[in-house]
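Asker: Once you've had a glance at the structure underneath, I'll fire off some questions.
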Amino acid sequence: MAAKVDYKVIVGLEIHVHLAAKTKMFCGCELAYGGTPNSRTCPVCIGMPGSLPVMNKHAYECAVLTAMALNCSIARFTKWDRKSYYYPDLPKNYQISQYDLPLSENGFIEIPLEDGSIKRVGIIRAHLEEDAGKNNHELGSFSAIDLNRAGAPLLEIVTAPDMNHPAEVRQMAQELQRIVRYLGVSEGDMQKGHMRFEPNVNLHIYKDGQTYKTPICEIKNLNSFRAIERSVAYEIQRQLEEFLETGKTMQMGNKRTYGWDDVNQMTVLQREKEEAHDYRYFPEPDLVPVEMDDVWFEQIRSRLGELPLQKQKRFVTDYGLSDYDAAVVTGDKATADYFDAVVKAGAEPKRACNLITQIGQKLANQSNTSVDQLDISPQNLAKLAQMADKGLISATAAASIYAKMPGTDTNPEDIAKAENLIQTSDTGAIEALVNEVLAENAEAVQDIITNSKKAQKAQGFLTGQVIKKSKGKANPKVVTELLAKRLSELAPKE
Amino acid sequence: MSNQINRQQVERVAHLSRLDLTDQELDLFSGQLSSIVEYIQKLNELDTKNVEPLAHSLPVHNVFRPDTPRASLPTEQALANAPDRVDDFYKVPQILDDNSGA
Amino acid sequence: MTDHLTVFKLKQDIAAGRVKSRDITQAILDRISRYDSAIGAYLSVFADKALEQAKAVDDKIAAGQPVGPLAGVPIAIKDNLCYTEGLTTCGSKILGNFKPPYNAHVVEKLLAADAVILGKTNLDEFAMGSSTENSGLQKTVNPWDKTRVPGGSSGGSAAAVAAGLCCAALGSDTGGSIRQPASFCGIVGLKPTYGRVSRYGLVAYGSSLDQIGPMTTCVKDAAILLQVLAGHDERDSTSVNTETAAVPDYLNALEQAVTGLKIAYVPQFIEQAEAPVRDAVKAALELYKSLGASLVEVRMPHFDYSIAAYYVIATAEASSNLARFDGCHYGYRSPSARDYVEVYSKSRAEGFGAEVKRRIMLGTFALSSGYYDAYYLKALKVRNLIRKDFTEAFAKADCLMMPVAPSTAFKIGEKTSDPLQMYLADIYTIAVNLAGVPGISIPCGFDSNRLPVGLQIIGPTFSEDKLLRIAAMFESKTDYHLQKPAL
Ligand SMILES: [Mg+2]
Ligand SMILES: [Zn+2]
């Protein structure tokens, strides 16, 4: 193994996000995943002679909205360019893209790190383009082309090389996913290729008072967040070892492409040397420029809403949630908004968060839906939270009441009563039970009185016994208080 | 800039154009393209320092279509012109390198 | 029956039941069988389909149902327009077997107007050429002299109209491809304003220059056809919205009197043409003058640079437009290709002819890294200067008149060995496409070999109605358009 050296990891991302439009970027073919190959194509997306592209307005607006969320400056004038390269999944052998006047530039994304801090990653540019089709190499000694995906609207986002750790790269990807899902501009499903991340990785190695930059490697074929993190971690190790063995450093044109092999958990060299690409960009003559006036700009901006990190921060500052809880409850917009509504209906935030993320989420998963779609009004859930807070019901009872609430407009109190789950705080009744339990468990009482090591455990046991005798209806808080009082009376005076 | 296009440039342009030209064609085109390019140098007689490029003669912008699906071609019609096919795919000789550029 | 066949007269006769479309269609099909083997105007003829369409119109008329503005009129279309009937080849081997699954916008328009589509006409491969000699599939000759070219690239359409092998035809014009063959064949050819007619379904050559237009035996017919073709199409982003540029009533426009007509001209443009052309154009200007027009001498200092700018811009666009012909999804695939890269390079090498290869190479060169600014960008700037020349001329006059071509139809093979010389002959037509303005070519005389000479009238954007009126004014005082070649 290599000797210990100091180095810094440099990672930038090239990202392609499929925009969730109903139709393709330049034709009316439907966008969908899977299905019969070449069943969603037309003369335009097959690139047949004579066909012409026409812009999808919704896709354009989705792109602008995303760029706004990424704090980019939005171009008021953009145009389209053709990028030429020959590949069988690209039927026209040029891609309609944006070259010198992208629709947005110079933004940043803030990503919450696990230690609670916020990392800012620069966005160099985000532009719209059309996706290529798919080459299938697995059918035999030939390649099979499916153009269903060809022409899908794609937002290409290029980040600055601001990430310095594999986990940061993963978190950046996750945060972007959270953002596009909040905005509703993409389903953001990596498995389905809605988001494709290509990290560009290299190292700055400090050795003998000098800095050496290793050749940049681009990693492709990443199908999960885990793969992003692992592939970057693997690539760091590989580059470090390669440098120590060969001393190879970054030079013009020695950018290489690696593919991630998910089975063997390693990167595999795909292309040794970046071919001297000559994309021959020029203005797309079949399309006209886009000019955005203030009215349209504001119209799109009004759809921005509160972004996930803003929400997360607000839940911490205003509601006193922990960073962890706030992150969990803002994982998706619907849950976050539902939570927010429950709190606004009067629930204590921490209680509401626990109910929703622990019990609600489970219920939602069971019925294959989301917490906000369980058909429980925020008011009723807030009532449930309040009942638990007031000690009217136990935590267990709260869970079982929650489970009975979906699909009804029943007041949780009614469920609690019907199910006989209201806790008693009647001190007289509980005191009687306490006395009974104390009488029946002399040994445990003795443990407590003599202050033995077993005292705490014994006290818990006694509490449990009282609650059990009450058939779960005694308020644990009251039981604990009464028990403590009685035990202190029993203890010898000093 | 030289007015002539040399043989090496013609070969490079032929490669970029994906044209598998014969030696004779390369020779012929070297000569012809050279004289055309030489003629085109005529443009340099004009001072265009303060002239905007005109990619389009139309003063049109913001042409959009609504995000409304339209019928696609039936798969059989889409593939009807395919030089070769396998199942519902276009078939090409195996692609071994990944030279995609999206 | 097929003498002096005009769209205007024929549609009236058919609609009134005096003539059956089926009979006239059959008569023209007979002429095609008789004469076209010597002329070579058509790449394909859809006899059965045409007769079926004709019969449908006759039936409608017999049943008293309303019919479209081209009811029963037999029309030919250039073979770079997609039509679900037969093949659309663009005169190229690479599309030798291509059957489009859709119709071009203009084909839909013709069909909706109840026209009869006779067949597809020959052209220079992918419309690249000025003589139709670059067709990869067939030779077309000039009906006035079969040893001469019909002009190009819409040479098949021009020859078909001139020889009475159709009533009218559609062509496309990227650098003169409607006007120049119209001039060589003694017919009327109109290139509309860029954006006036949808390009959807026209196989692109130079996308920012291409425009479809009518080729007819008289100005009135051009007006009737343009009325059918013009208008907005949401499938072509460069098709002008009719709200901002309404389509006028072209036929009605012909009835309006022309008063105070001012004609701009550049003396040396006329002087530098060959003598028969020069004399005919000069005589035409004199005739206009005698009809009350005033002549305004103008300068167009950047006009001379139009060929250089054009052969950069058009070929750059073409190099990209023709990249799709790669043997993967449609069209010709080389049987000798061993891997996918050879599918591209061999299919294209075997499928394209020399002129197309030359232009693809030139355009690729102009866009390639290191040359873009010096060639492509420079050409776009010069294009702007050329457009300014027109704007300034039109500030002083209603239209601009000049020759269509420096000469009358030249001999087959005369210019094929030197592509640059062939390009230079496009001097009068190309600037019009660069500026996006409309231009019309009308017959204005004959040379001593009885070869037609054309007069070009150019107007500001969307002034087709005025151009047609000005053209009709000349036509009404002359009979050049009535003369026919002896087949
Ligand atoms: Mg891209
Ligand atoms: Zn499509």
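The values are calculated or read from the model by the stated rules, or taken from the named source; none is laboratory data. Since this is a predicted model, take the numbers as computed values, not measurements. Neighbour counts are summed over all protein chains in view; Cβ atoms, including those assigned to glycine, are modelled from backbone coordinates with ideal geometry. In case anyone asks, the SASA skips ligands and DNA or RNA and just uses the protein heavy atoms, side chains included. Shrake-Rupley method; radii C 1.70, N 1.55, O 1.52, S 1.80 Å.
Asker: With N set to the number of residues, divide the alpha-carbon radius of gyration of the stretch A:427-490 by 2.2 N^0.38 Å and report two decimals.
Answerer: The stretch A:427-490 yields a ratio of 1.00.
Asker: Using the scaling law 2.2 N^0.38 Å as the reference, what is the normalised Cα Rg of chain A?
Answerer: On the way: Rg = 30.2 Å, N = 494, 2.2 N^0.38 = 23.2 Å.
Relative to the rule-of-thumb radius for its length, chain A sits at 1.30.
Asker: Could you state how much accessible area is buried at the A-B interface, both sides summed, with a 1.4 Å probe, in Å² to the nearest 100?
Answerer: Details: alone 24730 and 10280 Å², together 30730 Å².
Rounded to the nearest hundred, the buried surface is 4300 Å².
Asker: Round to the nearest 10 and give me the degree value, 0 to 90, for the angle of helix A:225-246's Cα axis relative to the longest principal axis of chain A.
Answerer: That helix lies at roughly 60 degrees to the long axis.
Asker: Based on the alpha carbon coordinates of the stretch A:6-291, what radius of gyration and maximum Cα-Cα distance (Dmax) apply, in Å?
Answerer: In Å, with Rg to one decimal and Dmax whole: 19.4, 63.
Asker: Kindly report the accessible area of the stretch B:12-102 per residue (heavy atoms of protein chains, probe 1.4 Å, no ligands, DNA or RNA), in Å².
Answerer: Working: 4540 Å² over 91 residues.
For the stretch B:12-102, the solvent-accessible area averages 50 Å² per residue.
Asker: Further, regarding this structure: Quote the charge dipole size of chain C about the Cα centre in Debye, to the nearest 20; the model charges only the Cβ of Lys and Arg (+1) and of Asp and Glu (-1).
Answerer: 300
Asker: Which angle from 0 to 90°, rounded to the nearest 10, does the C-alpha axis of helix B:7-16 make with the longest principal axis of chain B?
Answerer: Once rounded, one gets 20 degrees.
Asker: In addition: Please give the contour-minus-distance gain from A:Lys362 to A:Asn71: 0.36 nm per residue of separation, less the Cα-Cα distance, rounded to one decimal in nm. Before the final figure, lay out the partial values.
Answerer: On the way: separation 291, 0.36 × 291 = 104.76 nm, distance 3.53 nm.
Once the chain is fully extended between A:Lys362 and A:Asn71, it gains 101.2 nm.
Asker: Chains C and B: buried accessible surface, both sides, probe 1.4 Å, rounded to 100 Å²?
Answerer: 5400
Asker: At 1.4 Å probe size, with every protein chain present, just tell me what the per residue accessible area of chain A comes to in Å².
Answerer: Per residue, chain A has an accessible area of 44 Å².
Asker: Give the span of the stretch B:1-101's Cα atoms along each principal axis, as three whole-Å numbers ordered largest to smallest.
Answerer: Between the extreme Cα coordinates on each principal axis of the stretch B:1-101 lie 54, 45, 24 Å.
Asker: Further question: Ignoring ligands, DNA and RNA, how much accessible area is buried between chains A and C, both sides summed, with a 1.4 Å probe, to the nearest 100 Å²?
Answerer: Numbers: alone 24730 and 18080 Å², together 40060 Å².
Chains A and C together bury roughly 2800 Å² of accessible area.
Asker: Turning to a different aspect of this structure: Tell me, what HN-Hα J-couplings in whole Hz come from the Karplus equation 6.51 cos²θ - 1.76 cosθ + 1.60 at θ = phi - 60° for each residue of the stretch A:449-456, using x for Gly and Pro?
Answerer: 4, 7, 6, 6, 4, 7, 3, 5
Asker: Let me check against my output: what whole-number percent is the relative contact order of the stretch A:356-457, with C-alpha pairs under 8 Å and at least 6 apart? Please report the intermediate quantities before stating the final value.
Answerer: Working: 71 pairs, mean separation 21.0, N = 102.
About 21 percent, as a whole number.
Asker: Per residue of the stretch A:153-163, in order, report the coupling 6.51 cos²θ - 1.76 cosθ + 1.60 (Karplus, θ = phi - 60°) as ³J(HN,Hα) in whole Hz, putting x for Gly and Pro.
Answerer: Those phi angles translate into x, 10, 9, 9, 10, 10, 8, 6, x, 9, 9 Hz.
Asker: Across chain B, where is the longest run that never hits trypsin sites (Lys or Arg not before Pro) in a DSSP loop with at most 16 other C-beta atoms within 10 Å? Can you show the working numbers first?
Answerer: Working: sites that count: B:Lys49, B:Arg70.
No qualifying site falls inside B:1-48, the longest such stretch.
Asker: Also: Rg(Cα) of the stretch A:183-301 divided by 2.2 N^0.38 Å?
Answerer: Rounded to two decimals, the normalised Rg is 1.46.
Asker: Would you mind computing, in nm to one decimal, how far apart the modelled labels at C:Arg338 and A:Asp262 are, each placed 7 Å from Cα along Cα→Cβ?
Answerer: Inter-label distance under the simple model: 3.6 nm.
Asker: Something else: Take the Cα atoms of chain C, find their three principal axes, and give me the spread along each one in whole Å, biggest first.
Answerer: 62, 54, 48
Asker: Can you tell me the accessible area per residue over chain C, all protein chains present, probe 1.4 angstrom, in square angstrom?
Answerer: That works out to 29 Å² for each residue.
Asker: Could you state the orientation-averaged shadow area of the convex hull built on the Cα atoms of the stretch C:1-160, in nm² to one decimal?
Answerer: The orientation-averaged projected area of the Cα hull of the stretch C:1-160 comes to 9.0 nm².
Asker: Here's something else I'd like to know. If you build the convex hull over the alpha carbons only and average its shadow over all orientations, what do you get for the protein assembly as shown? Give it in nm² to one decimal.
Answerer: If you wrap the Cα atoms of the protein assembly as shown in a convex hull and average its projections, you get 57.2 nm².
Asker: Then there's this: Starting from the 7 Å offset along Cα-to-Cβ, what nm value, one decimal, do you get for the label separation of C:Gln138 and C:Asp373?
Answerer: 4.9
Asker: Give me the distance in nm between label points sitting 7 Å out from Cα along the Cα-to-Cβ direction at C:Arg34 and C:Gln421, one decimal.
Answerer: With each label point 7 Å from Cα toward Cβ, the separation is 3.8 nm.
Asker: Ignoring ligands, DNA and RNA, please state the percent of accessible area on the protein assembly as shown from carbon and sulfur, probe 1.4 Å. List each step's numbers first, then the result.
Answerer: Working: 20250 of 41190 Å².
That fraction is 49 percent.
Asker: For C:Arg148, enumerate residues with amide H under 5 Å from its amide H, sequence gap 5+ or separate chain, H modeled in the peptide plane.
Answerer: For C:Arg148, the qualifying residues are C:Asn142, C:Ile412.
Asker: Go ahead and run the numbers for FRET between C:Ala283 and C:Asp479, Cβ-Cβ distance against an R0 of 22 Å, rounding to 0.05. It would help to have the intermediate numbers written out before the result.
Answerer: On the way: r = 14 Å, r/R0 = 0.63.
The pair C:Ala283/C:Asp479 has a calculated efficiency of 0.95.
Asker: How large is ³J(HN,Hα), in whole Hz, for each residue of the stretch C:263-274 in order, when computed from phi with the Karplus curve 6.51 cos²θ - 1.76 cosθ + 1.60 and θ = phi - 60°, using x for Gly and Pro?
Answerer: Each residue's phi maps through the Karplus curve to give 10, 8, 8, 10, x, 6, 4, 6, 5, 7, 6, 5 Hz.
Asker: Which of the residues in the stretch A:21-44 lose at least 20 Å² of accessible area when you go from the chain alone to all protein chains together (probe 1.4 Å)?
Answerer: A:Lys22, A:Thr23, A:Gly28, A:Glu30, A:Thr36, A:Pro37, A:Asn38, A:Ser39, A:Thr41, A:Pro43
Asker: With unit charges on the beta carbon (Lys/Arg positive, Asp/Glu negative), name the residue among A:Met405, C:Ala425, C:Leu5 whose Cα is farthest towards the positive pole of the charge dipole of the protein assembly as shown.
Answerer: C:Leu5
Asker: Angle, helix A:57-69 long axis vs. longest principal axis of chain A, Cα atoms, 0 to 90°, nearest 10?
Answerer: 60
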